[in-house]
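To start, the structure under review is shown below, and the notes come after it.
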Amino acid sequence: MTIRPLPKRPAPLRDELLSSWIARLAVANYCSVQEFCGYLGLADERLPETRSELQGVNLERFGTITRLSPSAMNSMLIRRCPRFPVECISRSDFQVCSTCNNETPGVSLRHWRYAWSTICNSCGLELRKRPV
Ligand SMILES: [Zn+2]
């Protein structure tokens, strides 16, 4: 089977999480997130956020489909540091920038996950607790 790049590819935002961008790619190409993750070869059809969640994925095929370079992909992943006693990096979107989220629905930026982030690095506004 010939692997072709996706017909629609919204550009990733600066500091966007890979999981956020893959979900936006799925929406842009009229796929369900689960179906799209399966097509990309992601384990358990889950959105990856760390390097370890990409183990076993054919990254060359992934890069062809998404037109994402390995270095760009690396910059979209959360780096976990097991040697730190505490990481202070959330595993979920506990805070959000409502302005950026209104401009790009569903977007999640990497620095929003950091407990020490209080300001959106993209627009400069204060981050808010994500509504439940
Ligand atoms: Zn913002």
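The values are calculated or read from the model by the stated rules, or taken from the named source; none is laboratory data. It should be emphasised that the depicted structure is a prediction, and the values quoted were computed from it without experimental measurement. Reconstructed Cβ throughout: ideal geometry from the backbone, glycine too, with neighbour counts over all protein chains shown.
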Requested in this report: Assess whether residue 51 counts as being under 26 Å from residue 120 (Cβ atoms) and either exposed (fewer than 12 other Cβ atoms within 10 Å of the Cβ) or modelled with pLDDT of 95 or more (or both).
Outcome: no
Query raised in the report: How many residues are β-branched (Val, Ile, Thr) and either within 16 Å of residue 132 (Cα to Cα) or touching an Asp or Glu at 6+ places or on another chain (Cβ under 6 Å) (or both) if we restrict to region 95-106?
Result: 1
Report task. Determine, yes or no, whether residue 15 is at pLDDT 90 or above and charged (D, E, K, R). Result -> yes
